[in-house]
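Below is one structure, written out as structure tokens; comments come after it.
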Amino acid sequence: MGVSEMTRFGMEEEDFRQVAQFIKDVVVDGRDVRDEVARCRTRFIDLHYCFTGSEFTEQLGDLHRFI
């Protein structure tokens, strides 16, 4: 579980409050939150802040020119 990794999937401050609540529900209250977590996670499936497709090819070509 990493904050930076989940930020890359689009989580924001309010989303991390929900994550903290899930942790509390499990650790303190002994609840099974698997279904709730699975539903929550479906909103965060696209990776952000990375190169895709032609962006990657163009950036890689630029980097190779520096070598």
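Please go through the stretch 23-56 and give me each residue that is of a type in the set (A, V, I, L, M, F, W, C) and within 16 Å of the chain's Cα centre (by Cα), ordered by number. Quick ask: steps written out before the conclusion?
If we filter the stretch 23-56 for residues that are of a type in the set (A, V, I, L, M, F, W, C), which is where we start, we get 23, 26-28, 33, 37-38, 40, 44-45, 47, 50-51, 56.
Selection gives 37, 38, 40, 44, 45, 47, 50, 51.
At pLDDT 85 or above, touching a Lys or Arg at 6+ places or on another chain (Cβ under 7 Å) and either surrounded by 10 or more Cβ atoms within 10 Å (Cβ to Cβ) or among the basic types (Lys, Arg) (or both) - does that describe any residue in the stretch 24-37? So far as the stretch 24-37 goes, yes, one or more of its residues are at pLDDT 85 or above, touching a Lys or Arg at 6+ places or on another chain (Cβ under 7 Å) and either surrounded by 10 or more Cβ atoms within 10 Å (Cβ to Cβ) or among the basic types (Lys, Arg) (or both). Taking first residues from the stretch 45-65 that are surrounded by 10 or more Cβ atoms within 10 Å (Cβ to Cβ) and partners that are aromatic (Phe, Trp, Tyr) and at pLDDT below 80, the Cβ contacts under 8 Å between residues at least 6 apart in sequence or on separate chains come to 59/51.
Look at (1) modelled with pLDDT of 85 or more; (2) part of a loop (DSSP other than H, G, I, E, B); (3) not basic (Lys, Arg) and you find that residue 14 fails only one, number (2).
The values are calculated or read from the model by the stated rules, or taken from the named source; none is laboratory data. It should be emphasised that the depicted structure is a prediction, and the values quoted were computed from it without experimental measurement. Virtual Cβ from ideal backbone geometry, glycine too; neighbours counted across all protein chains shown.
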